[in-house]
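This report concerns only the one structure given below.
The values are calculated or read from the model by the stated rules, or taken from the named source; none is laboratory data. Keep in mind that this is a model prediction, so the values were computed, not measured. Ideal geometry is used to build each Cβ from the backbone, glycine not excepted, and the neighbour counts take in all protein chains shown.
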Amino acid sequence: MGPLAGVKIVELAGIGPGPMSAMLLADMGATVLRIERQGTVDLGIKRPLKYNLLMRNRKAIALDLKDRAAIELVLELVGQADALIEGFRPGVTERLGIGPDVCMKRNPKLVYGRVTGWGQTGPLAQGAGHDINYVSISGALNAIGRKDQPPSVPLALVGDFGGGATFLTMGLLAAIIEARTSGKGQVVDAAIVDGAIALSTAFYGLHAGGLWHPERGSNVLDSGAPFYDVYRCKDGGYISIGPIEARFYVDLVRRLGLDPAELGDQNDTASWPQAKEAFARAFLTRGRDEWCAELEGTDVCFAPVLSFDEAPQHPHLQARGSFVKVDGVVQPAPAPRFSRTPSAMPTAPEAGSPEAAGRALDSWLGPDAVAGWKARGIFGG
């Protein structure tokens, strides 16, 4: 099921954007085989496998990539694949013997997807880093936060997952489509820093036009405007509002019972502090659920601020099936949605155990070839 049924991807296990991209592709129906490294490997936050949701929807095998036989197996798999995903520092797969030149010699149509923080080239290419560093250098982190406060860390959404996984996935799909026409593969160099910069395109345009104030919390979309912010309620909960359009703003002011004359002009930044104080006082008069009953579904651009516990219980998200439960774990459903080739229900993450190697490889190599590889002892166990 899914629009990518029939597409085959080899994933060299990593952290962050690589697994996220592999999950997105697998969610859309691609057959993705994850190749893990044998032994104890530091792959980020420790947790039981069932909660490492980025590993869902695909099978795995564990190999010692310093073993020549294991490299031979990887190359055999590459020969059948549409794409490969790797997230090592530049040059690592070349030293292992599975770099782009070797893999594309085996399979000229292969799309070789590489995701790193700094990119394959440049003075920082070999340096270590994490999401926060890549978002910092992009200019995006400096713009996120409240007035007179340090920049706010935006989880890993802007860097690893938005700038890295999303752009890697887009690049892989574009290159796979092109390879089916040209018969030639290519390397996709997805740098998280490049992706974070690309996500900031609209704001760089505002900046170039002199329409973006450099001080945090001074613009419409960064909590500067009273009509685009979050507010505390009487019960300690929070709500969000975003009526940028004039008619929506007028509707909100009316429903809050505020005097437009006391608020000042909506787009007059000099009046924003007094309007924000008025909004804050108004929202403190009722609890969050009371405001939901009054404003949710109207044109004032309103939503409650929900926790990870609360979001799956919201009636709208339940009606759309935005969350699913797999192996007892509530998690986001595959997105986006397809009218004719819908994605299947995700499967739980699987480990690359010796016992699972045969099942993982059957659809790639067939039982006789799998038996031969097992006899060579490369799966351990």
**Subset of the stretch 119-161 (residues that are under 14 Å from A196 (Cα atoms), in contact (Cβ under 8 Å) with a residue 60 or more places away in the chain and among the polar types (S, T, N, Q))** = S138, N142
**Prompt:** Residues in the stretch 164-185: is at least one within 30 Å of D148 (Cα to Cα) and either over 23 Å from the mean Cα position of the chain (by Cα) or free of Cβ contacts under 8 Å to residues at least 40 places away in the same chain (or both)?
**Reply:** no
**Message:** Contact list please: Cβ distance under 9 Å, first residue in the stretch 88-109 and assigned by TED's automatic domain parsing to the domain that holds A175, second residue among the hydroxyl-bearing types (S, T, Y) and part of a helix (DSSP H, G or I), pairs at least six apart or on different chains.
**Reply:** G99/T93; P100/T93; V102/T93; C103/T93; K109/S182
**Request:** For the stretch 192-261, please list each of the helices (runs of 4 or more DSSP H) lying entirely inside it that holds at least 2 residues being in contact with a helix residue (DSSP H, G or I) (Cβ under 7 Å, 6 or more places away or on another chain).
**Result:** 192-199, 246-256
**Request:** Consider only pairs whose beta carbons are under 7 Å apart and that are at least six residues apart or on different chains; among these, list those whose first residue lies in the stretch 253-264 and is at pLDDT 95 or above and whose second residue is loosely packed, with under 13 Cβ neighbours inside 10 Å and hydroxyl-bearing (S, T, Y).
**Result:** none
**Request:** Hey, can you tell me all the residues within the stretch 278-305 that are aliphatic (A, V, I, L, M) and either part of a helix (DSSP H, G or I) or at pLDDT below 95 (or both)?
**Result:** A278, A280, A282, A293, L295
**Message:** Can you tell me which of (1) free of Cβ contacts under 8 Å to residues at least 40 places away in the same chain; (2) farther than 24 Å from R216 by Cβ; (3) crowded, with 19+ Cβ neighbours inside 10 Å is the one C233 doesn't meet?
**Reply:** (1)
**Request:** Considering only residues that are hydroxyl-bearing (S, T, Y) and crowded, with 16+ Cβ neighbours inside 10 Å, look in the stretch 102-150 and name the one that is farthest from G183 (Cα to Cα).
**Result:** S136
**Prompt:** When you go through V135, V158, V115, V153 one by one, which is the residue that is in a strand (DSSP E or B) and of a type outside the set (D, E, K, R)?
**Reply:** V115
**Asked** Can you find even one residue in the stretch 38-48 that is in contact (Cβ under 8 Å) with a residue 60 or more places away in the chain, farther than 25 Å from V324 by Cα and aliphatic (A, V, I, L, M)?
**Response** no
**Item:** Subset of the stretch 304-325 that is closer than 24 Å to S223 by Cβ and in contact with a helix residue (DSSP H, G or I) (Cβ under 7 Å, 6 or more places away or on another chain) - its residue that is surrounded by the fewest Cβ atoms within 10 Å (Cβ to Cβ)
**Value:** A311
**Message:** It is to be established whether one or more residues within the stretch 86-98 are under 24 Å from the mean Cα position of the chain (by Cα) and crowded, with 23+ Cβ neighbours inside 10 Å.
**Reply:** yes
**Message:** Going residue by residue through the stretch 361-371, is there one that turns out to be of a type in the set (V, I, T) and either surrounded by 14 or more Cβ atoms within 10 Å (Cβ to Cβ) or touching a helix residue (DSSP H, G or I) at 6+ places or on another chain (Cβ under 7 Å) (or both)?
**Reply:** yes
**Item:** Filter result for L252 (under 26 Å from G159 (Cβ atoms), out of contact with any Lys or Arg (no Cβ under 7 Å at 6 or more places or on another chain) and of a type in the set (A, V, I, L, M, F, W, C))
**Value:** no
**Request:** Output the number of residues of the stretch 274-303 satisfying the condition of being free of Cβ contacts under 8 Å to residues at least 12 places away in the same chain and exposed (fewer than 13 other Cβ atoms within 10 Å of the Cβ).
**Result:** 4
**Prompt:** Of these, A62, A13, A69, A22, which one is touching an Asp or Glu at 6+ places or on another chain (Cβ under 6 Å) and more than 25 Å from F167 (Cα to Cα)?
**Reply:** A62
